Amino acid sequence: MNRVTTIELSKEYMKFSAAHFTIFSAVERERLHGHNFQVSAEITLPVGSNGMCCNYRVYKQKLDGLCRELDEYLLIPARSPHLTVREEGDYYWVRFNGEEMPFLKADTQLLPICNTTVEDFSNFLLQKLVGSSEELQEYGVYQIVVRVSSGPGQSGSSQWRSGSAESWT
């Protein structure tokens, strides 16, 4: 019988501060504002005969690195069907509903997401975490859930499951 556990990682340093605006439709968006986004993860995997699942410091370090990459930037959804982004010199010119907004490239990150929401942020971070992780197979990871919170009581999560999850006990 395999024993499975879920490791929860929610450290104070797993966060990023960023500016953004949520796009509601082709004609409505929020004003530019910012949040202190908190990131956490749950990793489900087997427990070894030594009573330990893995060295999950690897995942803490990866999440910390991903948060640092987003910290103190304006985040723009490059895949939004409602935005047009063009580069000109030191600026990104973002067009929405007839208005053009110039943002310094040095202060801005274009992310391969549709919207700058906790839902899309959690999926973006999850894909980065599982996309570059050789440890998934090595550790026998069944599932990873990444949660991003924009404040108390408001978060979104995304989930990845391996094909072998049906063998859980």
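The values are calculated or read from the model by the stated rules, or taken from the named source; none is laboratory data. Everything numeric in this text was worked out from a predicted model, so none of it was measured. Neighbour counts run over all protein chains shown; Cβ positions are idealised from the backbone, glycine included.
As a summary of the residue check, Leu136 satisfies the conditions (1) within 26 Å of Ile23 (Cα to Cα); (2) touching a residue at least 24 places away in the same chain (Cβ under 8 Å); (3) in a helix (DSSP H, G or I) except for the one numbered (1). In the range 38-49, the residues that are more than 30 Å from Glu69 (Cα to Cα) and touching a residue at least 60 places away in the same chain (Cβ under 8 Å) never reach a residue that is assigned to a strand (DSSP E or B) and not β-branched (Val, Ile, Thr) with C-beta atoms less than 9 angstrom apart, at least six apart or across chains.
Taken over the range 59-109, the criterion of being touching an Asp or Glu at 6+ places or on another chain (Cβ under 9 Å) and over 29 Å from Gly131 (Cβ atoms) is satisfied by Trp93, Asn97, Pro102.
Would you mind listing the strands (runs of 3 or more DSSP E) fully within the range 1-77 where at least 1 residues are in contact with a His (Cβ under 8 Å, 6 or more places away or on another chain), polar (S, T, N, Q) and surrounded by fewer than 19 Cβ atoms within 10 Å (Cβ to Cβ)? Spell out how you get there, then give the answer.
Working: elements: 4-9, 15-20, 33-46, 73-77.
Those strands (runs of 3 or more DSSP E) span 15-20.
Residues in the range 103-153 that are among the hydroxyl-bearing types (Ser, Thr, Tyr), under 12 Å from the mean Cα position of the chain (by Cα) and surrounded by fewer than 19 Cβ atoms within 10 Å (Cβ to Cβ): Thr117 alone.
Scanning the range 1-37 for residues that are without any contact (Cβ under 8 Å) to a residue 24 or more places away in the chain and small (Gly, Ala, Ser) yields a single hit, Gly34. So in the range 139-169, with the set limited to residues that are assigned to a strand (DSSP E or B) and among the charged types (D, E, K, R), which one is modelled with the highest pLDDT? Ranking the candidates gives Arg147 first.
Out of the range 4-25, which residues are farther than 30 Å from Val94 by Cβ and not hydroxyl-bearing (Ser, Thr, Tyr)? I'd like the intermediate steps shown before the answer.
Narrowing the range 4-25 to residues farther than 30 Å from Val94 by Cβ: 4-13.
Within the range 4-25, Val4, Ile7, Glu8, Leu9, Lys11, Glu12 meet the criteria.
Taken together, the criteria exclude Asn36 from residues that are of a type in the set (S, T, N, Q) and modelled with pLDDT under 95. Arg95 passes every criterion in (1) in contact with a Phe, Trp or Tyr (Cβ under 9 Å, 6 or more places away or on another chain); (2) outside any loop (DSSP other than H, G, I, E, B); (3) at pLDDT 95 or above apart from (1).
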